[in-house]
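The values are calculated or read from the model by the stated rules, or taken from the named source; none is laboratory data. Since the model is a prediction, treat every value here as computed from it, not as a measurement. Neighbour counts are summed over all protein chains in view; Cβ atoms, including those assigned to glycine, are modelled from backbone coordinates with ideal geometry.
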Amino acid sequence: MTSLEFLGATGTVTGSKYLLSAGDKRLMVDCGLFQGLKELRLRNWNPPPIDPASVDWVAMTHAHIDHSGYLPKFVKSGFRGPIYATDGTADLLRILLPDSARLQEEDAEYANRKGFSKHKPALPLYTEADADAALKQVRPVNYNQSLDLGGTLAVEFISAGHILGSSFVSVTDGGAGDRPIKILFSGDIGRYDEPILNDPTPVAHADYLLVESTYGDRNHGPQDAKSSLAEIINRTSARGGKVVIPAFAVGRTQLLLYYIRELEDEGRIPILPVAVDSPMAVSATKLYLRHKEDHDPDMQRLDDAKRNALATRNFLLVESRGASKSIDAQKGPAIIVSASGMATGGRVLHHLAHYLPDANSTVVFVGYQAQGTRGQRLQQGEKEIKIYGEIIPVNAEIESIGSLSAHADSGEILRWLSGFKEPPRQTFIVHGEPHAAKALEQKIVSTLGWNVTIPFYRQSVELG
Ligand SMILES: [Zn+2]
C-alpha cells in the first residue's frame, strides 16, 4: 500500500513536509521550518509528527528554509538516512542551514537575556553543530537522473527555475498497483523569461501532482523591473544620492546584479560603485556563477565569452564588517545591495540608519514585505522608523519593484500545468494561504477541468 501524508505547507506557505509511505519504506519530500504565526512556529517545537528514525530517505526540492530548515532538528531527533538534493541545493544548504542555526541560537540567547522564556534556560531549536551533522547526510545528485532508492521507489530531480538548484521531485512507485505510478512534488515554481536560471521545465505526466499556490490569487503585472530600476538609479544619481536595496541574499541579489550589469552594458545608467554587502549574498553569488548546469542560454553565452554576468564595472563584494561601515563614508552616488530583504536585521540596517534621513537617497524594496516588518512600514510611508533603538527620520525616496518575485504567479502556474499531456488522477494544492489555494483551485477547475483538492494538515491519502 502507498500513502501520502501532508505534514506541512497546508493553509500556509511554510513548513513544507510530505511523507510518502510505500510498503514498509518511507520517503520524506522536503523538511521545512514553519515560520510566521506563533501557532505555526510552535509546531517546530512539538515532537516530530512521525518518528524520524522510521524514515528511510529525504529528498529536497530546494534550499529555502521553509523547505529545509527542519532538517537539523529531524536529524537530531533520529533520522539517519541520506538527504538527496541537487548539487546547487546541496551547496546552498551548506550556507543556509548553519545561518538558520545561528539565528535560533541568537533567539534563545535573547530570550535568556530578557528573561521572557518559560524555559530556564531557553534552548535553541537546534545549534550550528546540529546543522553540521545534518549536512553530513546530504548526498548531491544530478538533474534528470533516475535514482533507485530501494524498495519500490525511484526519484528524479527536474529543474524548477525558482532558485539555484531548485527542482520538481518526481517519485516513481512500482509497488502501488499493476503499473508504476508517478507522484510529482512541484516545490516552488520559478518564473518564465527571467535571466540567469532556466525556465520551469515542462512535465508531461504525473498520476498525482502536488502544486504550490503562493501566488495562486495574483499576477505579478506587466511592470518592467529592469526599466524601473534604471529610472530609479538615474534619478538618484543625478541628485548625488545612494540607492539602497534591501534584498534576499539568495536569488534576488543575483537578479539585481544581472540587471545592473546589463544596464551598464547598454549605457542606460552611469557606471557607479556597486557594493554587495552581506556575507551570505557574497557566498550565494559565487555559487550562482559556479553552477553552470542551472544557467539559461543567455547566461551560458556570457559564460562562454568569459564574462562575469553578476559583476558590474565598479564592483565590490563586501565580507568584513569594517569594510561594510566604510561604504557609508564614501561620498557621491553609489548602489548598495544588502540583506535582509525585509529590513528585519542584517547589515542593511546600518545603511538604512545612514541614508533614510537623506532626501537625495532612495531605498528600493524588491521582494515581498511581510506584515509588521520595517520594510512594510517604510512602504506604507511611515515618517520615522526605529533602528538599533534610535528614531530615524525618513526623508529618502521609498520605492518598490514588485515584479522581481521568485515565484510563478497564477498565470505562470497555469502555463506550467498546461504542459501536462493528460490530467493527473488527483492534483493537491499546497503551499499557499487559504485564499490563494482556493483561487488556484477554481482556476484549475475552470480552465483545465482537473480533479483538484486542497489537503489539510496531517491528512493522509491512499495512492494507487
Ligand atoms: Zn522557495
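Here's the yes/no breakdown for (1) among the charged types (D, E, K, R); (2) touching a Ser or Thr at 6+ places or on another chain (Cβ under 8 Å); (3) modelled with pLDDT of 90 or more:
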residue: M299; (1), (2), (3): no, no, yes
residue: I336; (1), (2), (3): no, no, yes
residue: M342; (1), (2), (3): no, yes, no
residue: H350; (1), (2), (3): no, yes, yes
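Which one of these does R252 not meet: (1) surrounded by fewer than 21 Cβ atoms within 10 Å (Cβ to Cβ); (2) over 17 Å from R313 (Cβ atoms); (3) in contact (Cβ under 8 Å) with a residue 24 or more places away in the chain?
Exception for R252: condition (1).
Quick one: which strands (runs of 3 or more DSSP E) lie wholly within region 357-464 and hold at least 1 residues that are surrounded by fewer than 18 Cβ atoms within 10 Å (Cβ to Cβ) and at pLDDT below 95?
The qualifying strands (runs of 3 or more DSSP E) are 384-387, 390-393, 397-400.
Here is a list: R80, R94. Which entry is at pLDDT 95 or above and under 17 Å from the mean Cα position of the chain (by Cα)?
R94
Residues are listed down the side, and each one gets a yes or a no for (1) within 30 Å of T152 (Cβ to Cβ); (2) touching a residue at least 60 places away in the same chain (Cβ under 8 Å); (3) in contact with a strand residue (DSSP E or B) (Cβ under 6 Å, 6 or more places away or on another chain):
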residue	(1), (2), (3)
P393	no, no, yes
E397	no, yes, yes
L414	no, no, no
Q426	yes, yes, yes
G432	no, yes, no
K443	no, yes, no
N451	yes, no, yes
Y457	yes, yes, no
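Could you tell me which numbered condition A238 fails, if it satisfies all but one of (1) of a type in the set (A, V, I, L, M); (2) surrounded by fewer than 19 Cβ atoms within 10 Å (Cβ to Cβ); (3) under 27 Å from T344 (Cα atoms)?
Every listed condition holds for A238 apart from (3).
Taking region 195-222, which residues are among the aliphatic types (A, V, I, L, M), more than 16 Å from the ligand (Cβ to nearest atom) and in a loop (DSSP other than H, G, I, E, B)?
Within region 195-222, V203, A204, A206 qualify.
Which residue out of I233, I245, I189 is β-branched (V, I, T), over 23 Å from E266 (Cα atoms) and surrounded by 19 or more Cβ atoms within 10 Å (Cβ to Cβ)?
I189
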